[in-house]
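**Q** Before I ask anything, here is the structure I am working with.
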Amino acid sequence: MRLKKRIVQVNNLHLSYHTLDGETKALSDLSFHVSKGEIITIVGPSGCGKSTLLSIISGLLKPSSGKVTIEGIEVTDTRKDVGYMFQNDLLFEWRNILDNVLIGLEVQKKLTSHSKEMVEKLLSTYGLKDFKNHYPNQLSGGMRQRVALIRTLAIEPKSLLLDEPFSALDYQTRLIVADDIYNILKKEKKAAIMITHDISAAMYTYKQTILLHKKIQGHIIIYFP
């Protein structure tokens with residue numbers, strides 16, 4: 001059996017904050033890996049270290065000890081090959097859908113006729129071709145999240161980090177969008193890490209979940225059938 005290529009490797013990650021009240025442990029001895037085509041969800045209540053973890057993986061924050069590698073290279077600074085999908089879709093209301101999706105390529109100075117053609121193909125593949133000239137306020141919440149994900153995919157990242165992408169949606173839409181995002185990421189064969197406080201969405205769609213909680217020493221990895 002051919003082993004999948006490991007994209008993200010987290011090894012013995014610790015992070016502590018020092019305040020006037022003493023030391024606070026944000027993360028304690030966290031280890032896991034994400035291979036090509038795999039999606040892992042990080043579940044836990046507010047303040048358990050979920051967003052801190054994404055900040056370390058993206059290079060925005062340095063751990064107290066331990067390390068993160070992406071394709072074998074240690075993360076020591078921000079990287080252009082890591083896609084980050086934020087809690088809010090952050091679409092520019094004055095730009096149409098196509099121009100919103102292209103913005104990452106513009107910022108990275110990678111906008112070419114080839115990359116624009118690739119974006120057009122992504123919009124077509126995921127049901128947004130007929131909406132490319134629409135504006136964000138003309139789309140539903142679920143469609144806006146799909147646009148945000150395609151914008152992240154457009155820069156062709158090696159890995160994707162998704163920060164609470166369902167939090168602004170109602171419960172029913174949340175489940176639909178969770179399924180939608182799962183299918184897109186699997187089709188694109190991306191290594192992805194998604195954080196959420198909604199364990200029901202994780203159980204409904206995703207197969208491997210890491211549970212973080214202040215009362216747990218370390219973490220628990222849960223596999224859903």
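**Q** Got a sec? Which of G47, G37 is surrounded by fewer than 14 Cβ atoms within 10 Å (Cβ to Cβ), in the same structural domain as Y182 (by TED's automatic domain parsing) and either at pLDDT 80 or above or not aliphatic (A, V, I, L, M) (or both)?
**A** Every option except G47 fails the conditions.
**Q** Considering only the stretch 150-177, how many residues are buried (at least 20 other Cβ atoms within 10 Å of the Cβ), within 12 Å of the chain's Cα centre (by Cα) and farther than 30 Å from T112 by Cβ?
**A** Matching residues across the stretch 150-177 total 1.
**Q** Check M143, M118 and return the single one that is touching a residue at least 24 places away in the same chain (Cβ under 8 Å) and not assigned by TED's automatic domain parsing to the domain that holds I39.
**A** M118
The values are calculated or read from the model by the stated rules, or taken from the named source; none is laboratory data. These figures come from a predicted structure and were not determined experimentally. No Cβ is skipped: glycine too gets one built from the backbone with ideal geometry, and neighbour counts run over all protein chains shown.
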